[in-house]
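The values are calculated or read from the model by the stated rules, or taken from the named source; none is laboratory data. Since this is a predicted model, take the numbers as computed values, not measurements. Here Cβ is always computed from backbone atoms with ideal geometry, including for glycine, and neighbour counts include all displayed protein chains.
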Amino acid sequence: MIEPEEDFPDYSKDDDSAGLLEMCVPMEHGGLRLDQALVKLLPEYSRSRLQDWIEQGLVTVNGKAGSIKQKVWGGENICVTPQIHPSEQPYRAEDIPLEIVYEDDAILVINKPVGLVVHPGSGNWEGTLLNALLHHAPELANVPRAGIVHRLDKDTSGLMVVAKTLVAQTALVRQMQARSVKREYLALVWGELDYDNTINIPIGRHPSQRTRMAAIENGKEAITHYSVEANFPSCTLVRCRLETGRTHQIRVHMTYIGHPLVGDAVYQKGGQKCIPALRELLNGFPRQALHATRLALEHPVTGERMEWEVPLPEDMEQLLDQIDEASHGIA
């Protein structure tokens, strides 16, 4: 969810490469695999990067594309065409529509749509919110992370604040650390809840599945308050208020108490109990049913307390209408 992230690559790096590298394999390297020989010949590059170049066809041996496991025996002519990794290239401004809820000289508040990745990363080097921000406000190229101070998952919709200056970014990060930024989410969860509660369970990286988070004893403090908004057969719409902003916090916490989010393919374990009239409808929702509906903070320049709220996106509204319609007549 929302948490200051580690440093990201510099947005202003020049896109220059080292040019074509040519070399002859020394006889003392005879018998090594191609990647092993390149590690010795080009120690300034990591082995994983050299292997990646080989797989991309950027390394030739005597004029033919090389393979990682092929042996060299000494005397071969090797040509390498270095290629900068996407994470090291300057991020491009892209004309991607943004739903702007509020904007002034210091901050920008947007309603992020479902499917928009916030920051470039593996498999998503373009078409992200960051690329859109650089197009909307080119001056963000001079702000770390293009002003991004928190994230939403790709398939979570809703409110995000972006800092347009370094001063504003610093102030917003400090507010998040002080937990004075208030965030509320609407989530549709499996099962019927009829009470409000607080979940205070640490969250950390899953011990064996590194792409997932988990409720673990030695994790970071994570606190989620939830209240029931609407009851339906087999599912409940809840409002979640975060005190902390751990990655996947609501998804992990609601799963921990036995009420995973509808549509959450990562944290929902197996089939959920459901009345037949709703099974196909709920199982068919294509993303986690989670929306950042409310955001409140102190303006980083004026100190004024500000608040924004946006309604559910169309897909969640439609799902609730369909649930309500299918529920008629159910005892």
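Which residues, taken from the range 32-56, are outside any helix (DSSP H, G or I) and either outside the structural domain of GLN70 (by TED's automatic domain parsing) or within 27 Å of the chain's Cα centre (by Cα) (or both)? Write out each step before concluding.
First, pick out the residues of the range 32-56 that are outside any helix (DSSP H, G or I): 32-33, 42-46, 56.
Residues satisfying the conditions are SER46, GLN56.
Could you please let me know if ILE78 is outside the structural domain of THR247 (by TED's automatic domain parsing), surrounded by 15 or more Cβ atoms within 10 Å (Cβ to Cβ), modelled with pLDDT of 90 or more and in a loop (DSSP other than H, G, I, E, B)? Don't jump to the end; show me each part of the working.
On the way: outside the structural domain of THR247 (by TED's automatic domain parsing): yes; surrounded by 15 or more Cβ atoms within 10 Å (Cβ to Cβ): yes; modelled with pLDDT of 90 or more: yes; in a loop (DSSP other than H, G, I, E, B): no.
Taking the combined requirement at face value, the residue does not satisfy it.
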Residue check for ARG241: closer than 15 Å to ASP196 by Cα, at pLDDT 95 or above and not in a loop (DSSP other than H, G, I, E, B): yes
Could you check ASP105 against (1) closer than 30 Å to TRP308 by Cα; (2) in contact (Cβ under 8 Å) with a residue 40 or more places away in the chain; (3) in contact with a strand residue (DSSP E or B) (Cβ under 9 Å, 6 or more places away or on another chain); (4) not aliphatic (A, V, I, L, M) and say which number it fails? (3)
Take the residues in the range 189-204 that are out of contact with any Cys (no Cβ under 9 Å at 6 or more places or on another chain) and exposed (fewer than 15 other Cβ atoms within 10 Å of the Cβ), then tell me which one is nearest to ILE275 (Cα to Cα). ASP194
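The rows are residues; the columns are (1) more than 17 Å from ILE201 (Cβ to Cβ); (2) touching a helix residue (DSSP H, G or I) at 6+ places or on another chain (Cβ under 8 Å); (3) not in a loop (DSSP other than H, G, I, E, B).
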position: TYR226; (1), (2), (3): no, yes, yes
position: ASN231; (1), (2), (3): yes, no, yes
position: ARG251; (1), (2), (3): no, no, yes
position: HIS259; (1), (2), (3): no, no, no
position: ALA292; (1), (2), (3): yes, no, yes
position: ALA296; (1), (2), (3): yes, no, yes
position: THR302; (1), (2), (3): yes, no, no
position: MET306; (1), (2), (3): yes, no, yes
position: ASP321; (1), (2), (3): yes, no, yes
The listed residue being assigned by TED's automatic domain parsing to the domain that holds VAL117, surrounded by 14 or more Cβ atoms within 10 Å (Cβ to Cβ) and more than 30 Å from LEU108 (Cβ to Cβ), out of LEU282, LEU320: LEU282
Return only the number of the condition from (1) under 30 Å from PRO300 (Cβ atoms); (2) modelled with pLDDT under 90 that SER208 does not satisfy. (1)
